[in-house]
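I have placed the structure first, in the form of structure tokens, so that the comments after it can refer back to it.
The values are calculated or read from the model by the stated rules, or taken from the named source; none is laboratory data. Predicted model, so just to flag it, every value in this text is computed and none were measured. Because the Cβ atoms are built from the backbone with ideal geometry, glycine has one as well, and the counts that use them run over all protein chains shown. Note: accessible area is taken over every heavy atom of the protein model, side chains too, but ligands, DNA and RNA are not part of it. Shrake-Rupley method; radii C 1.70, N 1.55, O 1.52, S 1.80 Å.
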Amino acid sequence: MSFRLRVLVSFLLIVVLSIGLFYFWTNRRLGAFLQELMIANLEDHLEVILPLIDLDHPDLDAVVDRFTEGASFRVTVVDRSGRVIADSAFSGEALHRLDNHADRPEILEAMRHGTTRLYRYSTSTSDFLFYVARPLPDGRGVLRLARKPDDYDEISAGLRRGLATATVLLLIFGGAAVWFISRRLTASVDRLAEAATRISGGDFVSDIPVHSRDEVGDLARRMEQLSIRLEQQLALLESERNHLTTVLHSMTEGVLVTDERNRITQTNPALRRLFGLPVDPVGRMPLEVARNIEVNRGIREVLDTGLRREAEVHHAGSIFLARFAPLGRAERVTGVVVVFHDITELRRLETLQRDFTSNVSHELKTPLTSIRGYAETLLHEETLQGVHRGFVERIFRNAAQLSEMIEELFSLARLERGEGALRMSEVAFEEVMSEMARDFAERLASRNLQFRFEVRCDSDRFVAAGEYIRRVLRNLIENAVKYTDAGEIVVSMDRREEEFLFCVRDTGLGIPEEHLQRIFERFYRVDKDRSRKTGGTGIGLAIVKHIVRLHNGRVWAESRPGEGTSIFFALPVRQADPDRD
Ligand code: ADP
């Protein structure tokens, strides 16, 4: 049912009900009122006639007849015994034949209590009559006036007709008024509804033609404000979308966006170029586009976990670094954005660099060994003294340092090539630390450094490739010793959910913020002079990073220059191949 019809029907109901009630009430009151009027009229006549009644009059009946000439009422006089002495309706013989009236209710009542009024059936006239009776002033009888309700019915019918006509007229005017008011009321609501339809269709109206100063007018103004604000917001969104499209189009990285059902919702031209797609693959599955299980798995994992991840993707001779990020909120991932960086060239250069270092190291290894050998032999020569011995000692020291560097480069190359499978076993942290404390004891003492280790979880056991992890810890402690002049070195082990967290903390010179990200790159050294003096090669942390990665772990550094450095590494509790031998 429409709003307008509802208003109309409700108003009509109210009007009809109230007019109906008015009609019935007035109708009922009208009957009672007319009766009252009739009886009051009879009483007036009774008042006039009463003093004129004299029971001792020889022809009282004729007197009574005179009173009622031309009148519409009947007069009856009875004595105390109920005998009818005079009656305007009966004369002569008929009067004498009348029954005794002592049992008439109005007579009885009048004798007992005085004036009485009644409306009852009369057996003498066989009609319904109004009666008024009052005892005579000397108490010897009762005067009764009676009247037929003929004119009462006539008047009452006339009045009722008038009432019915008035009611019908009221209903017609009331109905018209209701129709007019409901039309006025609903017209504003109709205009509001029309404006809302236009707004929802994108036609932002700023002037709704409802200008009343009531709640509806107020609502219209609010809707206008809403419409203006919505238009502004949409314009803003549109411009942001254009911005985003421009950014996406000018990117060299390929971008792919999927929804929660793993269907592509957006791509950029770079992606189509990288994957050689002739048409925009919107609506298709990523697997059809990249034909790569890694991409599919990455998207599925992000959809399931809501966590970012990275993967290396090989496609048609190219290598991409794919970064997956969730869309929406953490509790409800609504899609995934994948950004593909083409790292083919980078990988080629890395391989070149690795091969080059490996070749050079290989070539250098033999001559260096002989230089070291000859220098060592010369140093055993007692005749070698003074400045010459000093030269040979430096040759020996530098050649030894170079050999060490080449050894490290070899290990790094081996790690990078993934040679030599990790032999997993259970490692006891405290045992390893005790070894380290022994190995470094001399250097720690010479530099006046304290060394401590702490286990902050229940057990110090974890699964890892023991030798490799020793190497990691050794490299980190070595650095801590090298770059700390005073204070202490603390190595700790902790467990955080599904990871073992290790930390080597020192109170040394620290690393400035801008270098923190890069110290794990090979050959990267913060202060080259200092590293040279301390015998640093810039390979130690690169080895650490590779070993931790082989364990599927993470490594990072935190530092405050002048206060110290903490190098953290975390290993997943579950290792891929736990071989507890
Ligand atoms: P290096 O052989 O030069 O120590 P690393 O790869 O082990 O090479 O470290 C890279 C660089 O990181 C170092 O040259 C040094 O500048 C910095 N570094 C590493 N560990 C620390 C530390 N504990 N305190 C200060 N600087 C450090």
query = Out of all the residues in the range 18-61, which are open to solvent by 60 Å² or more (accessible area, probe 1.4 Å), in contact (Cβ under 8 Å) with a residue 12 or more places away in the chain and outside any helix (DSSP H, G or I)?
reply = none
ask   = What pairs come up if the first residue lies in the range 68-80 and is over 12 Å from Ala133 (Cα atoms), the second is of a type in the set (Val, Ile, Thr), and their beta carbons are under 7 Å apart, counting only those six or more places apart or on different chains?
value = Thr68/Val75; Asp79/Ile85
query = When both residues are 6+ apart or on different chains and their Cβ atoms are under 7 Å apart, which pairs have a first residue that lies in the range 524-549 and is closer than 20 Å to Arg471 by Cα, and a second that is β-branched (Val, Ile, Thr)?
reply = Leu541/Ile519; Val544/Val472; Val544/Val555; Lys545/Val555; Ile547/Val472; Val548/Val472; Val548/Val555
query = Out of all the residues in the range 2-11, is one or more open to solvent by 40 Å² or more (accessible area, probe 1.4 Å) and β-branched (Val, Ile, Thr)?
reply = yes
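Against the definition (touching a strand residue (DSSP E or B) at 6+ places or on another chain (Cβ under 9 Å) and buried (at least 16 other Cβ atoms within 10 Å of the Cβ)), how does Ala400 come out, yes or no?
Values: touching a strand residue (DSSP E or B) at 6+ places or on another chain (Cβ under 9 Å): no; buried (at least 16 other Cβ atoms within 10 Å of the Cβ): yes.
No; evaluated as a whole, the condition is false for this residue.
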inquiry  = Please go through the range 544-571 and give me each residue that is more than 8 Å from the ligand (Cβ to nearest atom) and either assigned to a helix (DSSP H, G or I) or among the hydrophobic types (A, V, I, L, M, F, W, C) (or both), ordered by number.
reply    = Lys545, His546, Ile547, Val548, Arg549, Leu550, Val555, Trp556, Phe568, Phe569, Ala570, Leu571
query = Does Leu422 meet the test of being modelled with pLDDT under 85 and either farther than 30 Å from Glu454 by Cα or open to solvent by less than 80 Å² (accessible area, probe 1.4 Å) (or both)?
reply = yes
ask   = Residues of the range 131-154 being more than 17 Å from Asp103 (Cα to Cα) and either open to solvent by 80 Å² or more (accessible area, probe 1.4 Å) or assigned to a strand (DSSP E or B) (or both), which ones?
value = Pro137, Asp138, Arg147, Lys148, Asp150, Asp153, Glu154
remark   = Taking first residues from the range 475-500 that are farther than 25 Å from Gln575 by Cβ and second residues anywhere that are surrounded by fewer than 16 Cβ atoms within 10 Å (Cβ to Cβ), the pairs with Cβ under 6 Å that are 6 or more apart or on different chains are Val481/Arg443; Lys482/Thr534; Glu488/Gln450; Val490/Arg452
task = Return yes or no: is Asn268 open to solvent by 40 Å² or more (accessible area, probe 1.4 Å) and modelled with pLDDT of 90 or more?
result = no
Single residue of Val15, Val64 found to be under 30 Å from Ala193 (Cβ atoms), open to solvent by less than 40 Å² (accessible area, probe 1.4 Å), modelled with pLDDT of 85 or more and assigned to a helix (DSSP H, G or I) = Val15
query = Looking only at the range 361-396, which residues are open to solvent by 60 Å² or more (accessible area, probe 1.4 Å) and not in a helix (DSSP H, G or I)?
reply = His380, Glu381, Glu382, Thr383, Gln385
query = So is Leu171 touching a helix residue (DSSP H, G or I) at 6+ places or on another chain (Cβ under 6 Å), over 30 Å from Val78 (Cα atoms) and open to solvent by less than 80 Å² (accessible area, probe 1.4 Å) or not?
reply = yes
inquiry  = Taking the condition of being open to solvent by 90 Å² or more (accessible area, probe 1.4 Å) and among the charged types (D, E, K, R), how many residues in the range 293-347 meet it?
reply    = 10
ask   = How many residues are part of a helix (DSSP H, G or I) and more than 25 Å from Arg347 (Cα to Cα) if we restrict to the range 283-321?
value = 7
query = Can you tell me which residues in the range 480-504 are within 9 Å of the ligand (Cβ to nearest atom) and open to solvent by 20 Å² or more (accessible area, probe 1.4 Å)?
reply = Lys482, Tyr483
inquiry  = Would you confirm, using the coordinates I've provided, whether Val75 is open to solvent by less than 30 Å² (accessible area, probe 1.4 Å) and under 30 Å from Phe180 (Cβ atoms)?
reply    = no
request  = Under 7 Å between Cβ atoms, at least 6 apart or on separate chains: pull out the pairs that start in the range 162-178 with a residue that is within 23 Å of Leu30 (Cα to Cα) and aliphatic (A, V, I, L, M) and end on any residue that is open to solvent by 40 Å² or more (accessible area, probe 1.4 Å) and in a helix (DSSP H, G or I).
outcome  = Leu163/Tyr23; Leu171/Val16
inquiry  = With the structure loaded, tell me whether Ser200 is polar (S, T, N, Q), farther than 21 Å from Ser2 by Cα and either surrounded by fewer than 15 Cβ atoms within 10 Å (Cβ to Cβ) or in contact with a Leu (Cβ under 9 Å, 6 or more places away or on another chain) (or both) or whether it fails that test.
reply    = no
inquiry  = Give me the residue from the range 508-550 that is open to solvent by 30 Å² or more (accessible area, probe 1.4 Å) and touching a Lys or Arg at 6+ places or on another chain (Cβ under 8 Å) and, out of that set, farthest from Thr484 (Cα to Cα).
reply    = Tyr524
query = Restricted to the range 507-542, and to residues that are part of a helix (DSSP H, G or I) and modelled with pLDDT under 90, which residue is nearest to the ligand (Cβ to nearest atom)?
reply = Ser531
